[in-house]
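Working notes, structure below.
The values are calculated or read from the model by the stated rules, or taken from the named source; none is laboratory data. A quick note: this is a predicted structure, and the numbers were derived from the prediction, not measured. So basically every Cβ, Gly included, is an ideal-geometry build from the backbone, and we count neighbours across all protein chains shown.
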2 protein chains.
Amino acid sequence: MTTHIGLLLYPGLTQLDLTGPYEVLHRLPSTEVHLLWKTLEIVESDSGLGLRPTTRIDSCPPLDVVMVPGGFGQMALMEDAEILAFLAREGERAAWVTSVCTGALLLGAAGLLRGYEATTHWHYQSLLPMFGAIPKEGRVVVDRNRITGGGVTAGIDFGLRLAAILAGEEHAKGIELGLEYDPEPPFRCGHPRIADPKLVAAVEASFADRLAERQANVAKALETTASSHV
Amino acid sequence: MTTHIGLLLYPGLTQLDLTGPYEVLHRLPSTEVHLLWKTLEIVESDSGLGLRPTTRIDSCPPLDVVMVPGGFGQMALMEDAEILAFLAREGERAAWVTSVCTGALLLGAAGLLRGYEATTHWHYQSLLPMFGAIPKEGRVVVDRNRITGGGVTAGIDFGLRLAAILAGEEHAKGIELGLEYDPEPPFRCGHPRIADPKLVAAVEASFADRLAERQANVAKALETTASSHV
């Protein structure tokens with residue numbers, strides 16, 4: 001039996017949200033990792049990196065794991081009926097429904113986080129309750145079959161946690177050692193909890209527009225969804 | 001003045017060796033990150049991920065930073081005269097000559113590590129002296145203008161260290177926080193120093209053929225280079 005893992009590869013994603021978990025997950029035995037998009041044409045990340053999808057969403061096999069990465073392109077998909085229907089359908093039947101960073105907002109828009117504890121990038125935690133999710137601080141948050149990772153680099157921790165669930169802890173440990181995942185963040189400031197408050201304030205200020213934009217985007221998406229259910 | 005950073009994007013690379021640093025470095029101000037290969041056709045990583053080069057090596061501007069990632073495809077390049085000549089030429093004039101993982105072996109083959117302290121993936125450290133390099137344990141090793149990172153995930157730490165050198169520590173700290181780089185390796189076994197010796201033995205055994213292959217590959221490359229200098 002092959003385990004089918006689908007990572008959504010969409011224009012404007014933050015590529016490390018996807019490439020981090022991908023590096024872990026493709027090492028699992030009897031596993032096929034699909035990079036899913038509407039077409040097989042090259043997709044550009046928010047930083048301009050061109051990545052090739054492997055599988056069209058309209059021809060992908062039933063997924064055991066659905067994973068949605070984050071990135072500013074996520075906003076454009078919040079009212080994309082085709083993508084939301086795909087996520088809702090696969091999310092319903094998949095064994096694991098997962099995200100990294102602001103990918104959680106897309107899970108939320110597809111109605112998949114209602115009543116679940118979840119996390120996202122630290123700067124966007126406040127948006128989770130708009131979808132009925134319960135924000136929880138944590139590098140990786142597991143609630144029943146929902147697994148959500150924090151911002152960007154949390155995808156590697158997420159991938160290893162998922163690897164242990166799918167293939168057992170010994171296998172995941174072998175991958176952690178093989179990838180030499182013994183990190184030494186040079187400045188120990190990767191979360192507001194441990195960073196200098198002045199640095200946090202500066203980064204929050206530089207991201208303020210994006211938070212406002214995302215908030216408006218979520219509100220609009222929820223309105224559209226609500227009116228489509230009248 | 002634009003800083004030109006060139007990352008070698010070759011067939012069979014380990015994609016996270018490149019995508020980790022890329023995610024950090026593209027956030028630097030006044031910086032252009034080039035993904036370099038012989039052609040602009042899609043390049044496949046050792047895991048099958050298709051990535052798009054941005055710049056051909058025969059038309060790239062003078063580089064301020066040269067970075068070579070690792071991966072099994074590195075072996076095929078150890079006697080590739082075009083690539084070695086490119087690395088030697090850019091390595092000579094670049095301000096920083098760098099690698100992640102087994103990318104160090106390509107720097108070595110291009111004659112760029114002679115007399116320098118350097119690191120690579122933990123499993124391949126023993127190969128560094130073959131190029132006259134001085135192996136040094138460390139997540140990121142800096143010796144004069146050579147910066148070498150350890151295995152795969154070390155590329156993120158490497159990228160942040162380089163970001164601080166190029167754009168200042170405050171900028172690098174902002175990126176570390178923005179990428180939420182506050183890692184929690186689930187099993188704390190990402191280096192033989194901290195892993196259960198039984199796990200290390202198992203992973204070493206599974207990598208043994210590759211070490212032997214790489215050793216033979218390095219020996220052959222050095223022989224060819226030596227005879228071409230007769």
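Annotations
- Contact map, the stretch A:23-51: first residue in contact (Cβ under 8 Å) with a residue 24 or more places away in the chain, second residue of a type in the set (S, T, N, Q) and part of a strand (DSSP E or B), Cβ cut-off under 6 Å, separation 6 or more or different chains; pairs are A:T31/A:T3; A:H34/A:T55; A:L36/A:T55.
- Qualifying positions in the stretch A:50-69 - of a type in the set (D, E) and under 23 Å from A:L166 (Cα atoms): A:D64
- Whichever residue in the stretch A:75-105 is farther than 21 Å from A:R144 by Cβ, charged (D, E, K, R) and at pLDDT 95 or above and, among such residues, is surrounded by the most Cβ atoms within 10 Å (Cβ to Cβ): A:D80
- Any hit, the stretch B:20-37, residues being more than 22 Å from B:D157 (Cα to Cα) and away from chain A (no Cβ under 13 Å): no
- All conditions in (1) surrounded by 24 or more Cβ atoms within 10 Å (Cβ to Cβ); (2) more than 29 Å from B:P21 (Cα to Cα); (3) polar (S, T, N, Q) hold for A:N145, with the sole exception of (1).
- Residues located in the stretch A:181-204, provided they are within 7 Å of chain B (Cβ to nearest Cβ), within 19 Å of A:T119 (Cα to Cα) and in contact with a Phe, Trp or Tyr (Cβ under 8 Å, 6 or more places away or on another chain): A:G190, A:H191
- The number of residues in the stretch A:25-65 that are of a type outside the set (S, T, Y) and part of a strand (DSSP E or B) comes to 12.
- The residue that is farthest from the other protein chains (Cβ to nearest Cβ), counting only those in the stretch B:9-19 that are within 24 Å of B:L179 (Cα to Cα) and out of contact with any Pro (no Cβ under 7 Å at 6 or more places or on another chain), is B:Q15.
- When B:G150, B:G178 are screened for being within 11 Å of chain A (Cβ to nearest Cβ) and touching a His at 6+ places or on another chain (Cβ under 7 Å), only B:G150 passes.
- Residues of the stretch B:153-175 that are β-branched (V, I, T) and either without any contact (Cβ under 8 Å) to a residue 40 or more places away in the chain or within 7 Å of another protein chain (Cβ to nearest Cβ) (or both): B:T153, B:I156.
- Yes/no for A:V218 being closer than 23 Å to A:Y22 by Cβ and either surrounded by 15 or more Cβ atoms within 10 Å (Cβ to Cβ) or more than 7 Å from chain B (Cβ to nearest Cβ) (or both): no
- Residues satisfying the stated conditions in the stretch B:78-110, i.e. within 14 Å of B:L7 (Cβ to Cβ), in contact with a helix residue (DSSP H, G or I) (Cβ under 6 Å, 6 or more places away or on another chain) and assigned to a helix (DSSP H, G or I): B:I83, B:F86, B:L106
- Leading residue by the ranking (surrounded by the fewest Cβ atoms within 10 Å (Cβ to Cβ)) among those in the stretch B:112-123 that are more than 11 Å from chain A (Cβ to nearest Cβ) and at negative phi: B:R114
- Filtering B:V66, B:V24 for residues that are touching a strand residue (DSSP E or B) at 6+ places or on another chain (Cβ under 9 Å) and surrounded by 23 or more Cβ atoms within 10 Å (Cβ to Cβ) leaves a single hit, B:V66.
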